[in-house]
Amino acid sequence: MHLFYNKNSKLRNFWWIVVFFLILGSFTLPAILIAKHYGWEVTMWMQALLVVAATYVCQLLRRKPLIEVTGVLNSVWIKHFGIGLGIGAALMLIPAGCLYLGGWISWQATSFDMNLIIQAAGLYLCVAVAEEFLFRGFLFQRLGNGFGYVPAQLIISAYFLLTHMNNPGMTGNTRVIASVNIFLASILLGYAFIKTKSLAMPLAIHFMANFVQGTVLGFGVSGNEQTGLLKPIFNEAPQWLTGGSFGLEASVPGLICVMLALVLMGIWRGDSIKAWRPEII
């Protein structure tokens, strides 16, 4: 067995993963150095651009179109994006509604600010693009094709969790609940790709969950404090129940909602449910 090439004389998926990180690093390091020199910040839209650019270059080297990663941009893609928006909103509105009905949380309305909504939407869209292209894009797909999607899910979800471990508020019970939630949320997003062979649904779920949690409901998003249209009032409820300043991602109702979404995603037949076994390592 050849170390670098498969039986079809193509570079093995493992080495494409190495190539991706080398290209991403070659783009990211100069961007960081330039930003440091001029006192700039490497913003989220810049991070999204870097990940998309690295993906595009890898696809050029493979002589494959970018739509192999993103999915074909057609009416089905739009339908999946719309479904993802609904799922992302439900992941936050359902646990928030349960906490409200139980009397554990109430809300105060804040002043309506259209600029806040537009800026937050842009930020969360960039976050979704950067993280989904990184965690459900080229890397995930090469791992899935090379080793199978079960190992790919576990590896990428562990990587996804690792990138969130130093977020503000990751301590005590919050750390435990949030870690499980974030890991399972990554599995859910990966499952959405597996079922559709498209980034449309993972992108939409990720974007809308963050937007509703932060901009609409006023919770923190993965521990990052946000200003929303509503301000949550925690009525002396325990933090494990509400998530506190970390957000609904660190709440038991939020965790249960993600678990239910995983079950429903598993039941859904999807539009493309193949590729559970590796093709060519």
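We did not get these values from a lab; they are worked out from the coordinates using the rules stated. Keep in mind the model is a prediction, meaning the values are calculated, not measured. So basically every Cβ, Gly included, is an ideal-geometry build from the backbone, and we count neighbours across all protein chains shown.
What is the distance in Å between the Cα centroid of the stretch 25-39 and that of the stretch 51-101?
28
Determine which lysines satisfy two conditions relative to Lys79: a Cα distance under 19 Å, and not lying fewer than 8 residues away in the same chain.
Lys195, Lys197
Quote the charge dipole size of the stretch 103-197 about the Cα centre in Debye, to the nearest 20; the model charges only the Cβ of Lys and Arg (+1) and of Asp and Glu (-1). Could you put the intermediate results ahead of the total?
Numbers: 5 positive and 3 negative charges, 68 e Å.
In debye, rounded to 20, the stretch 103-197 gives about 320.
Pulled fully out, how much extra length does the chain show between Asn224 and Phe21, if you take 0.36 nm times their separation in residues and subtract their Cα-Cα distance?
On the way: separation 203, 0.36 × 203 = 73.08 nm, distance 2.69 nm.
Answer, rounded to one decimal: 70.4 nm.
Mind running the shape call on the stretch 161-229? Use the C-alpha gyration tensor, a ≥ b ≥ c as the square roots of the eigenvalues: rounded below 1.5 for a/c, prolate if a/b tops b/c, oblate otherwise. Mind showing how you got there, number by number?
Working: a/c = 2.86, a/b = 1.30, b/c = 2.20.
Because a/c hits 1.5 or more and a/b fails to exceed b/c, the stretch 161-229 counts as oblate.
In deg cm²/dmol, rounded to 500, what helix-only [θ] at 222 nm does the chain give when every DSSP H run of at least 4 residues adds -39500 (n - 2.57) and the total is split over its residues?
Numbers: 11 runs with 179 residues, N = 281.
So the calculated ellipticity at 222 nm is -21000 deg cm²/dmol.
Which Rg and Dmax, in Å, describe the Cα atoms of the chain?
Cα radius of gyration and Dmax of the chain are 19.6, 65 Å respectively.
If you take the charge dipole of the stretch 103-262 about its Cα centre, with +1 on Lys and Arg Cβ and -1 on Asp and Glu Cβ, which of Pro202, Leu134, Gly148 is farthest toward its positive end?
Comparing the listed Cα positions along the dipole, Gly148 ranks first.
Please find, in a Gaussian network model of the chain (springs between Cα atoms separated by less than 10 Å), the residue of Gly220, Gly122, Gly247 whose mean-square fluctuation is greatest.
Gly122
Using Cα springs under 10 Å in a Gaussian network model of the chain, which residue among Glu249, Glu236, Glu68 shows the largest mean-square fluctuation?
Among Glu249, Glu236, Glu68, the largest GNM mean-square fluctuation belongs to Glu236.
Give me the net charge of Ser222's neighbourhood, meaning all other residues with Cβ under 11 Å from the Cβ of Ser222; Lys, Arg count +1, Asp, Glu -1.
Numbers: positive: none; negative: Glu131, Glu225, Glu249.
Counting the neighbours of Ser222, the net charge comes to -3.
Just the Cα atoms of the stretch 158-281: what Rg and Dmax do they give in Å?
Taking only Cα atoms of the stretch 158-281, I get Rg and Dmax of 15.7, 55 Å.
Distance in nm between label sites at Ala121 and Leu260, each 7 Å beyond Cα in the beta-carbon direction?
Distance between the two pseudo-spin positions: 2.8 nm.
Nearest 10 degrees, 0 to 90: what angle lies between the long axis of helix 138-147 and the longest principal axis of the chain (Cα atoms)?
That helix lies at roughly 60 degrees to the long axis.
Just to confirm the number: angle between the C-alpha axis of helix 149-162 and the first principal axis of the chain, 0 to 90 degrees, nearest 10?
Once rounded, one gets 50 degrees.
Helix 172-196 versus the longest principal axis of the chain: what angle, 0 to 90°, nearest 10, using Cα atoms?
Taking the Cα atoms of the chain, the angle to 172-196 is about 50 degrees.
What percent do you get for the relative contact order of the stretch 72-267 when only Cα pairs under 8 Å and 6+ apart count?
Details: 299 pairs, mean separation 66.6, N = 196.
About 34 percent, as a whole number.
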